[in-house]
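Below: one structure, written as structure tokens.
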Amino acid sequence: ARDLPNGVDAPAVIWDETIAAGGYASKQMNRGARLRLTDLYGDACVSMLVFNAERPTERLNVADTVKVQWNAYLGSGRLVLSDMGRVMLSILEDTAEGHDAFCGASNSRSNAMRYGDGFNYGVHPNARDRFVIALAKYGLGRKDIHPCINWFKPVMITADGAARIEVGPFATGRQVTLRAEMNLIVVLANCPHVLDPRSDYSVTPVRATAWQGALTAEDDLIRRASPEGLRAFENVEDYFRR
């Protein structure tokens, strides 16, 4: 492990991996673990799926993540919610300040239209097919691919309802740090955004680093930021009291 956060010793690290352009990765993490994603060269696009590791039928729900918080623009202090009304991840820190909770993942057809091919084992792999490979390691498949979050590529909705992307490249070293509020399976695909207008397959490596951490405290500011968010935390705690 390298470039660890202050106060984190190497023995606490459970995952430290560079995900190449067009690459994918997955990891099971326990409740309380931290996951830091680092955009190493300023042009990463990390599509993320999240599952309850104990019951994978419970998974990230982007629509609930947006509507429960009355905010579609994710950043520090925001929550990532499941389809069971539970908080799966909290966003502890965010130096990127721009992500996408609207557009979902690229697919073979979108890549073929943009780059000439989107074959999973070609030079222009797409995020959905990368997800399939990663999910197979947990007995899951294409039917389990749900709407994802795309980190590091800001998408805004304009006044006329259109989705507008900022593709960068941005400053190097931008980071998002997440806290697992449940036992999770996290799946990542680092492929160009589906709205990226560039004719070149433009995406750069991202670093995923995770380490053991403490559970959410009762006085945690993120936990108490809103009544809706507090209820999502209480739903998690009720789940673990079963």
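The values are calculated or read from the model by the stated rules, or taken from the named source; none is laboratory data. On a predicted model such as this, the values are computed, not experimentally measured, just so you know. So basically every Cβ, Gly included, is an ideal-geometry build from the backbone, and we count neighbours across all protein chains shown. Protein only, heavy atoms only, side chains kept; ligands, DNA and RNA dropped before computing areas. Shrake-Rupley method; radii C 1.70, N 1.55, O 1.52, S 1.80 Å.
What span do the alpha-carbon atoms of the chain cover on each of the three principal axes, reported in whole Å from largest to smallest?
Over the chain, Cα extents along the principal axes are 51, 45, 36 Å.
Please report the orientation-averaged projected area of the stretch 17-143, defined via the convex hull of its C-alpha atoms, in nm².
8.5 nm²
Compute the Kirkwood hydrodynamic radius of the stretch 79-134, taking the inverse of the mean of 1/r over all pairs of distinct Cα atoms, and give it in Å to one decimal.
13.6 Å
Averaged across orientations, what area in nm² does the convex hull of the alpha carbons in the stretch 75-193 project?
9.0 nm²
When the chain is treated as a GNM, springs tying every alpha-carbon pair under 10 Å, which of ASN126, ASN71, ASN61 comes out with the largest mean-square fluctuation?
The residue with the greatest mean-square fluctuation here is ASN71.
Leaving out ligands, DNA and RNA but keeping every protein chain, what accessible area does GLU181 have, in Å² rounded to the nearest 10, with a 1.4 Å probe?
My reading of the accessible area for GLU181 is about 10 Å².
I need the Debye-formula profile for the stretch 138-242: one equal scatterer per C-alpha, no solvent, reported as log10 I(q)/I(0) at q = 0.10, 0.14 1/Å, two decimals.
-0.47, -0.89
Restricting attention to the alpha-carbon atoms of the stretch 159-219, what are Rg (one decimal) and Dmax (integer), both in Å?
Every Cα atom of the stretch 159-219 included, Rg and Dmax give 16.5, 49 Å.
If ARG223, ARG114, ARG242 are ordered by their accessible area, calculated over protein heavy atoms with a 1.4 Å probe, which sequence runs from highest to lowest?
The most accessible residue leads, giving ARG242, ARG114, ARG223.
Would you calculate the separation in nanometres between label points at ASP16 and ALA171, each defined as 7 Å from the Cα along the Cα-to-beta-carbon direction?
2.5 nm
Gain in length, ASP238 to ALA159, computed as 0.36 nm per residue apart minus the alpha-carbon separation, to one decimal in nm?
Taking 0.36 nm per residue and subtracting the Cα distance, the gain is 24.4 nm.
ARG55 label point, 7 Å along Cα→Cβ, cut-off 17 Å on backbone N: hits in the stretch 201-242?
232-242
Assign unit charges at the C-beta atoms only (+1 for Lys and Arg, -1 for Asp and Glu), then state the dipole size of the stretch 1-144 relative to its Cα centre in Debye, rounded to the nearest 20.
520 debye
Taking the stretch 28-74, how much of its Cα-Cα pair set, in percent, is spaced more than 15 angstrom apart?
Pairs farther apart than 15 Å: 64 percent.
Could you work out the helix-only [θ] at 222 nm for the chain, with each DSSP H run of four or more residues adding -39,500 (n - 2.57) and the total divided by the number of residues, to the nearest 500 deg cm²/dmol?
Computed ellipticity for the chain at 222 nm equals -5000 deg cm²/dmol.
Probe radius 1.4 Å, ligands and nucleic acids left out: which of TRP211, TRP70, TRP151 has the largest accessible area, and how do the rest follow?
TRP70, TRP211, TRP151
Please work out the average accessible area per residue across the stretch 1-134, using the 1.4 Å probe convention, and give it in Å².
On a per-residue basis, the stretch 1-134 sits at 43 Å².
Protein chains only, probe 1.4 Å: how do MET182, MET84, MET113 rank by accessible area, largest first?
MET113, MET84, MET182
Could you tell me the relative contact order of the chain? Use alpha-carbon pairs under 8 Å, at least six residues apart, and round to a whole percent.
38 percent
Select from GLY77, PHE152, MET88 the residue farthest towards the positive end of the dipole of the stretch 38-164; place +1 on Cβ of Lys and Arg, -1 on Cβ of Asp and Glu, and compute about the Cα centre.
Checking the options against the dipole of the stretch 38-164, the answer is MET88.
Treating the angle as unsigned and between 0 and 90°, give the value, to the nearest 10°, between the Cα long axis of helix 227-240 and the longest Cα principal axis of the chain.
That helix lies at roughly 80 degrees to the long axis.
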